[in-house]
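I am attaching a structure below and will ask some questions about it afterwards.
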Amino acid sequence: MRATIRDVAREAGVSIATVSRTMRDPGSVRVETRERVEAVASRLEYVPSQLGRQLAERRHAANGIVFPDLSGPYFAEVVLGYEAVAGELGRSVLILSTAGRDDADRAVAAMAERCDGLVVLGQTISDAAVTAMVRRGTPVVLVARPSLDGIDSVRAHNLDGARALAHHVLDTGATDVAFVGDPGSGPDVAERHAGVAAVVAERGARLRLWPVTEMDEAAGEHLAAGLGTRDLPDALVCANDEMALGLLGALAERGVRVPDDVVVTGWDDVMAARYAGLTTVRQPMREIGATAARLLDERISGARVEVAHEVLPTTLVPRDTTSSPTPRKVAR
């Protein structure tokens, strides 16, 4: 049976588009990649047809990004970072939100047909849908979700940031800590909870888990509205800044003093957190998006065939919501 361009791509470990570029314009492909493709093509006696070349190239000069919901500042910042670099690389961007969609896997697969590659952000589609796209030759980069074999990924270092945050909270004298967020909602929140839990256990303090169904300001406001002063822990460690900001406003309305009655922390370091004096953990949201765009372009162009897993650092940012003038007895 006559060898096809897919046979060459599979044997050489590159995309179909890279094989096509090697045949059409060898100078546009990295030397090592070109030599590998040419060697496989020669061994398989592959001869490209003009029609096959046109079909296989599938270049749209467009990348796609799939995200859960653009309403929150975290996702917006990641998308902005992604778009900035994609624009510098001469690519337009197609975006798809999976919020409220029952057909997310199908919708993303359809968008992949109109893109040179995709960035998949969070738990938006199934692992099976991701691997199916990659098998069909679509380059994919995962963001803020567990890695899959053979697929590039970008995420923040949640464990380090969570441990630093927990030590900081306990250093205020807190001995009763509530983690506000659902570890089952995604890997980022799960890692943040795990990091906080480990430090709290090491230092002999108490940790409560207060899961919430949503992670927005309204969830924080609702939580605060249901708290009596006797229910207050020493610290409320929120899984993101949005919930923490909602809590701050609602606690103030109830006459609860932050940080004297309770310390409050968030995660992300969105702009509003800075104005509110919220202690948080800064993650490089725009750089996450920018890194994903660069990794995807390397895959599409054939500049890299090795799998890359980028883990970007996080930084503790102490502010007013944990700087109590009368520290409690520190848990050790």
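A short reminder: the numbers here are calculations on the coordinates, not readings from a lab. It should be emphasised that the depicted structure is a prediction, and the values quoted were computed from it without experimental measurement. Here the Cβ positions follow ideal geometry from the backbone for every residue, glycine too, while neighbour counts run over all protein chains shown.
Using beta carbons and a limit of 9 Å, which pairs, at least six apart or on different chains, have the first residue in segment 287-302 and under 9 Å from V85 (Cβ atoms) and the second one buried (at least 24 other Cβ atoms within 10 Å of the Cβ) and among the polar types (S, T, N, Q)?
Correct list of pairs: A293/N63; D297/N63.
Within segment 175-194, identify whether any single residue is within 13 Å of the chain's Cα centre (by Cα) and buried (at least 20 other Cβ atoms within 10 Å of the Cβ), and answer yes or no.
Checking segment 175-194: at least one residue is within 13 Å of the chain's Cα centre (by Cα) and buried (at least 20 other Cβ atoms within 10 Å of the Cβ).
For segment 1-21: of the residues being polar (S, T, N, Q) and in contact (Cβ under 8 Å) with a residue 40 or more places away in the chain, which is nearest to S301 (Cα to Cα)?
Applying the filter and picking the extreme gives T18.
Return the residue satisfying two criteria in turn: it lies in segment 134-149 and is out of contact with any Pro (no Cβ under 9 Å at 6 or more places or on another chain) and surrounded by 22 or more Cβ atoms within 10 Å (Cβ to Cβ), and of such residues it is farthest from A239 (Cα to Cα).
Checked segment 134-149; the qualifying residue farthest from A239 (Cα to Cα) is T138.
While we're looking at this one, here's another question. Could you check how many residues of segment 150-174 are surrounded by fewer than 17 Cβ atoms within 10 Å (Cβ to Cβ), free of Cβ contacts under 8 Å to residues at least 40 places away in the same chain and either over 22 Å from Q283 (Cβ atoms) or not hydrophobic (A, V, I, L, M, F, W, C) (or both)?
Summing the residues that are surrounded by fewer than 17 Cβ atoms within 10 Å (Cβ to Cβ), free of Cβ contacts under 8 Å to residues at least 40 places away in the same chain and either over 22 Å from Q283 (Cβ atoms) or not hydrophobic (A, V, I, L, M, F, W, C) (or both) in segment 150-174 gives 1.
Can you go through E242, E214 and tell me which one is touching a helix residue (DSSP H, G or I) at 6+ places or on another chain (Cβ under 9 Å), part of a loop (DSSP other than H, G, I, E, B) and of a type in the set (D, E)?
E214
Check segment 250-270 and report whether any residue there is of a type in the set (D, E, K, R), in a loop (DSSP other than H, G, I, E, B), within 24 Å of E191 (Cα to Cα) and touching an Asp or Glu at 6+ places or on another chain (Cβ under 9 Å).
Yes, some residue in segment 250-270 is of a type in the set (D, E, K, R), in a loop (DSSP other than H, G, I, E, B), within 24 Å of E191 (Cα to Cα) and touching an Asp or Glu at 6+ places or on another chain (Cβ under 9 Å).
Just checking, how many residues over segment 112-133 are in contact (Cβ under 8 Å) with a residue 40 or more places away in the chain, crowded, with 19+ Cβ neighbours inside 10 Å and more than 26 Å from Q283 (Cβ to Cβ)?
Qualifying residue count for the region: 3.
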